[in-house]
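J.: First, the structure itself, so that you have it in front of you.
Throughout, read-outs are computed from the coordinates displayed, never taken from laboratory work. Predicted, not measured: the structure shown is a model, and the values here were computed from it. Note that each Cβ is placed from the backbone with ideal geometry, even for glycine, and that neighbours are counted across all protein chains shown.
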Amino acid sequence: MTDTAPPVDAPAGKPGAITYPKSSPALWFGFASMALGNFMSILDIQIVASSLREIQAGVSASADELVWIQTSYLVAEVIAIPLSGFMGRALSIRNLFSAAALGFTVASLGCACANSIQTLVFFRIIQGFMGGFMMPTTFAAAFLLFGEKDRATVNVMLGMIMTSAPAMGPALGGFITSALGWHWLFLVNLLPGLICASGCFFLIPLKTPNWGLLRRIDVPGLIGMAVFLGSLEIVLEEGPRQGWLASSEIVVYLCALIGGAGVFFWRAFTLEEPIVKLDAFSDRNFAVCSLLAFSVGIGLYGSVYLQPLFLGQVRGYNALQIGQIMFVTGVFMLLSAPFARQLIMRIDPRISIFLGTSLVGGSCLMQAHLTAQSSFWEFFWPQAMRGCGLILCFATLSTLALGTMAPQKIQSASGLFNLTRNLGGAIGLAILSTMNDFYTVFHRTALGEALNMGDPMLADRLAAASANLAARGVTNPDTAALAQQIQILNREAAVMTFNNLFVVIAGFLALSLLAIPLLSKAKPNAGSGAVH
């Protein structure tokens, strides 16, 4: 499908020619299909994470093999995200997204039919790679398809997708697995995937592909980028679990990371047409917004990581119960979306970012006062604040980051912007996981030292607990009473640790506020506004 005639400076028929589509219901439906695909690719990470044990039993995987169900997806995704700019210029946004959505759908079917861990990991790699293409391509389309008057609407839509998918994942994954079985975690992608692929292909206008770019692809740069980003993702995923440099495997991946990074950056700075163009970072707004997206990514993925962990470890909730509590964030995103759109349109975007980041940081500080009895209502208002804050942050950040970009740079810049946000989440989770171990040991040691067996109050508690257990027919009640006290000690140490970690996230977000004065108010670039 093509649209109105291209401008004078982009002659029709030449590779890379730009056309200007008219805003129409068909265009909005086409973009909605792209947004749905973006939602699927993010949601797929979370719904699978909540049901790994069931998948492990289904494909007879060992504990060491189990981690690759997620890691393989994330590694493939992080490689595809920055590559999406080059592929989008070569194939066009319409062709790239349609092919990626179709590939994601076929890979989902392969995952559902897998009967071994090797087959499942193979299709998860394809899934991650295709999902990595869909995400930044949708962001680029938001700027290349729509003018300034529609920009707030599409960015709020994308902000809801980016933030609601992780929040909804645990609940949806737990429900699907318990009601239908783990295969349906992948089968649910089939119909939406076909809608995404066909909706984009038939409703999004076509920019003339530049097939010649594929003949000039920088193979050494591509290999260097794949080794660099793939190794980085594995180090961040496995480092906390394997003790970082104490593991020879992590050391090998670190060496590969350094070597791959050297090749990638050398090619990126010396070639005329590198695999990833890094010149977007010369734009101050883009560089600062990427830094802020990195920090807000820590807030988003960190809270999504810590909250279920607390509810599972301390409160003993199952995946469905955890999801029901976390669903509050998604609800408040939906409720606040119309107000966020109006706010973004009416006030300085820097104020929107400040308000959004402050709300997310404030929600983390509110959750830094958890107790062993904290449940739904203790999580309700922090999640309400976080939902409102996240949608303000992501919708405004993408507007400022890409709002000053020339149209020909938007696809590459979109990939880099999405990459920094994802890396913020990955690095944040690695830091939180490592600090979780540190604080847990610290608090257990401190509480253990305070557990003085000569303390009369402790002796009274042990005696009362022992008598109660003896009355219930428990053998060795004295030993069982002591075990109960140790269990309480470990629980309280865990609560104190989670409170510390929420303060750490709030600290990251507070520091990021210092970068906001470096931003300038974005002015629509001359080529944006429904350019595709």
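J.: Non-local amide H neighbours of SER92 (under 5 Å, H modeled in plane, Pro and chain starts lacking H): which ones?
T.: ASN210
J.: Here is a follow-up. Got a sec? How would THR479, THR71, THR497 order by Cβ neighbour count within 10 Å, fewest to most? Show your work: numbers first, answer last.
T.: Details: THR479 12, THR71 19, THR497 25.
By the 10 Å Cβ count, ascending, the order reads THR479, THR71, THR497.
J.: Hey, rough spin-label estimate for LEU514 and GLU249, points 7 angstrom out along Cα→Cβ, what's it come to in nanometres?
T.: Inter-label distance under the simple model: 3.8 nm.
J.: What's log10 of I(q)/I(0) for the stretch 317-390 at q = 0.16, 0.18 Å⁻¹, Debye sum over Cα points only, no solvent?
T.: -0.61, -0.73
J.: Using Cα pairs closer than 8 Å and at least 6 residues apart in sequence, work out the relative contact order for the chain, in percent.
T.: Working: 890 pairs, mean separation 121.9, N = 532.
Computed over the chain, the figure is 23 percent.
J.: When the gyration tensor of the stretch 207-253 is built from Cα positions, what are the square roots of 5 times its three eigenvalues, in whole Å, from largest to smallest? Working shown, then result.
T.: Details: eigenvalues 248, 25, 3 Å².
Output for the stretch 207-253: semi-axes of 35, 11, 4 Å.
J.: Rank GLY312, ASN189, THR177 by how far each Cα sits towards the positive end of the charge dipole of the chain (+1 on Lys, Arg Cβ; -1 on Asp, Glu Cβ) and give me just the farthest.
T.: ASN189
J.: Work from the charge dipole of the chain (Cβ charges, +1 for Lys and Arg, -1 for Asp and Glu, about the Cα centre) and give the residue of GLN70, ALA372, SER248 farthest towards its positive end.
T.: Positive-end residue among those listed: GLN70.
J.: Taking a ≥ b ≥ c as the square roots of the Cα gyration tensor eigenvalues, with a/c under 1.5 meaning rounded and otherwise prolate when a/b beats b/c, else oblate, which class fits the stretch 142-299? Write down the numbers at each step before the final one.
T.: Details: a/c = 1.61, a/b = 1.09, b/c = 1.48.
Because a/c hits 1.5 or more and a/b fails to exceed b/c, the stretch 142-299 counts as oblate.
J.: Here's something else I'd like to know. Magnitude of the Cβ-charge dipole of the stretch 304-440, K/R +1 and D/E -1, about the Cα centre, nearest 20 debye? Don't skip to the end; give the middle numbers.
T.: On the way: 7 positive and 3 negative charges, 72 e Å.
For the stretch 304-440, the charge dipole is close to 340 debye.
J.: What is the fewest-to-most order of HIS443, HIS183, HIS369 by other Cβ atoms lying within 10 Å of their Cβ? Can you show the working numbers first?
T.: On the way: HIS443 20, HIS183 17, HIS369 11.
Ordered by Cβ neighbours within 10 Å, fewest first: HIS369, HIS183, HIS443.
J.: Taking 22 Å as R0, compute the FRET efficiency from the Cβ-Cβ separation of LEU52 and ARG491 and round it to 0.05.
T.: Details: r = 24 Å, r/R0 = 1.10.
So, using R0 = 22 Å, E works out to roughly 0.35.
J.: Dipole magnitude of the stretch 198-274 about its Cα centre, charges +1 at Lys/Arg Cβ and -1 at Asp/Glu Cβ only, in debye to the nearest 20? Walk me through the numbers on the way to the answer.
T.: On the way: 5 positive and 7 negative charges, 59 e Å.
Around 280 debye, computed over the stretch 198-274.
J.: Tell me, what does the Kirkwood hydrodynamic radius of the chain come to in angstroms if you use every pair of distinct C-alpha atoms?
T.: Working: mean 1/r = 0.0409 Å⁻¹.
One decimal place: 24.4 Å for the Kirkwood radius.
J.: Counting helices only, and only those DSSP H runs with n ≥ 4, report the 222 nm mean residue ellipticity of the chain as the sum of -39,500 (n - 2.57) divided by its residues, in deg cm²/dmol to the nearest 500. Write down the numbers at each step before the final one.
T.: Working: 19 runs with 410 residues, N = 532.
So the calculated ellipticity at 222 nm is -27000 deg cm²/dmol.
J.: In addition: About the Cα centre, and with charges only on the beta carbon of Lys, Arg (+1) and Asp, Glu (-1), how big is the dipole of the chain? Nearest 20 debye, please. The partial results should precede the final answer.
T.: Numbers: 28 positive and 26 negative charges, 289 e Å.
Value, rounded to 20: 1380 debye.
J.: Taking 0.36 nm per residue of sequence separation and subtracting the Cα-Cα distance, how much length would be gained by fully extending the chain between SER375 and LEU213, in nm to one decimal?
T.: Details: separation 162, 0.36 × 162 = 58.32 nm, distance 5.48 nm.
Taking 0.36 nm per residue and subtracting the Cα distance, the gain is 52.8 nm.
J.: Can you sort ARG315, ARG386, ARG341 by how many other beta carbons sit within 10 Å, fewest first? Spell out each step's value before the answer.
T.: Working: ARG315 16, ARG386 31, ARG341 19.
With the fewest neighbours first, ARG315, ARG386, ARG341 line up as ARG315, ARG341, ARG386.
J.: Moving on. Aspartates and glutamates within cross-link reach of LYS207: Cα-Cα under 13 Å, excluding same-chain residues under 8 positions apart?
T.: Partners found: ASP3.
J.: Cross-link candidates for LYS409: which aspartates and glutamates have Cα within less than 15 Å, leaving aside residues fewer than 8 places away along the same chain?
T.: Straight-distance partners of LYS409: GLU272, GLU273, ASP279, ASP283.
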